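Since the structure comes first, as structure tokens, the remarks are kept for the end.
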Amino acid sequence: MAVSIKSAREIEFMREAGRILASVHEELGKALKPGMSTLDIDRLGEKLIRSYGCIPSFKNYNGYPASICVSVNDEVVHGIPNKHRILHEGDIVSLDAGVIYHGYHSDAARTHAIGSITPEAEKLIRVTRESFFEGIKYAKAGNHLNDISSAIQAYAESFGYGVVRDLVGHGIGTHLHEDPEVPNFSQKRKGIKLVPGMTLAVEPMINAGRPDVAWMDDDWTVVTDDGSLSAHYENTILITEGEPEILSL
Ligand code: MF3
Ligand code: CO
């Protein structure tokens, strides 16, 4: 599939999809507290998304059963909300969500602390977020995709962290997942040249330990192989001639 270049009109819809998703994340972040179940988060998230007149992108996507991916501690991504999975003080929780607004998708993820967490966990969350911003320094017309990927990897690895290889970011638009793939690690080739109007979901998934991951029996939940903590930070961005526009912040 060719990489789509969005028109001015499409960009307006993408902006609104991103703006709404940013609000959903903000409200979810404020609602988090010990004692909540991961299903409580999903229910609130779906309600918020629909209150903005949007559709949760993830619901029923390839059979995914919920609106928000809720991944706790050593869970990397795609955790399935469950009423028996209770959040405790000291946990870290990654929330990944997407909305569809007038047929256009946005996709974003944040990792939050539940109450007070260890300094190591704080640092992992911070560095994961920072690795996204290191990567998008290179997200401008004329640069290549691999410039983003290698900057994310170099930054995260400079802290001794493991950059997940088995999952990647992606183009986004009328579909949740479009070309190109956006890896968080360096490729041997430069990848496509970036052009204004491309919209990308850039999403570093960073493990405190080794990069290796495994899938749980539910066939969705991705966990670190070594049991180390993992964090996720994602935004939908728009490529321009200059600085990228972060649509979901
Ligand atoms: N942000 C996630 C991704 O790009 C979307 C989760 S897909 C779902 O992989 F199926 F789990 F919803
Ligand atoms: Co994504």
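The values are calculated or read from the model by the stated rules, or taken from the named source; none is laboratory data. Here the structure is a predicted model, which means the values were calculated and not measured. Methodologically, a virtual Cβ is constructed for each residue, glycine included, from the backbone with ideal geometry; neighbour enumeration extends over all protein chains shown. In case anyone asks, the SASA skips ligands and DNA or RNA and just uses the protein heavy atoms, side chains included. Shrake-Rupley method; radii C 1.70, N 1.55, O 1.52, S 1.80 Å.
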>> Between VAL72, VAL99, which is within 16 Å of ligand 2 (Cβ to nearest atom) and either of a type in the set (Val, Ile, Thr) or in contact (Cβ under 8 Å) with a residue 24 or more places away in the chain (or both)?
In response: VAL99
> With respect to the numbered conditions (1) assigned to a loop (DSSP other than H, G, I, E, B); (2) free of Cβ contacts under 8 Å to residues at least 24 places away in the same chain, which one is the sole condition not fulfilled by ALA214?
Replying inline: (1)
> Are any residues in the stretch 171-197 more than 15 Å from ligand 2 (Cβ to nearest atom), open to solvent by less than 10 Å² (accessible area, probe 1.4 Å) and either in contact with a Cys (Cβ under 9 Å, 6 or more places away or on another chain) or closer than 18 Å to ARG15 by Cβ (or both), and if so, which ones?
Replying inline: GLY197
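Look at the stretch 102-129 and say how many of its residues are assigned to a helix (DSSP H, G or I), touching a residue at least 40 places away in the same chain (Cβ under 8 Å) and more than 16 Å from ligand 1 (Cβ to nearest atom). Explain how you work it out, then say what you get.
First, the residues of the stretch 102-129 that are assigned to a helix (DSSP H, G or I): 119-129.
Checking which are touching a residue at least 40 places away in the same chain (Cβ under 8 Å) leaves us with 120-121, 124-125, 127-129.
From the residues that got through so far, the ones that are more than 16 Å from ligand 1 (Cβ to nearest atom) too are 120-121, 124-125, 127.
Residues that pass the stated criteria total 5.
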> Taking ILE55, is it within 25 Å of ARG165 (Cα to Cα) and of a type in the set (Val, Ile, Thr)?
Replying inline: no
> What about ASP218, is it over 17 Å from ILE148 (Cα atoms) and surrounded by fewer than 14 Cβ atoms within 10 Å (Cβ to Cβ)?
Replying inline: yes
> ALA151 fails exactly one of the following numbered conditions: (1) within 16 Å of ligand 1 (Cβ to nearest atom); (2) among the hydrophobic types (A, V, I, L, M, F, W, C); (3) in contact with a Phe, Trp or Tyr (Cβ under 7 Å, 6 or more places away or on another chain). What is the number of that condition?
Replying inline: (1)
> In the stretch 55-77, how many residues are open to solvent by less than 50 Å² (accessible area, probe 1.4 Å) and either closer than 27 Å to HIS102 by Cα or not in a loop (DSSP other than H, G, I, E, B) (or both)?
Replying inline: 14
>> I'm trying to understand the selection: among the residues of the stretch 130-152, which are without any contact (Cβ under 8 Å) to a residue 60 or more places away in the chain, open to solvent by less than 40 Å² (accessible area, probe 1.4 Å) and in contact with a helix residue (DSSP H, G or I) (Cβ under 8 Å, 6 or more places away or on another chain)?
In response: ILE148, SER149, ALA151, ILE152
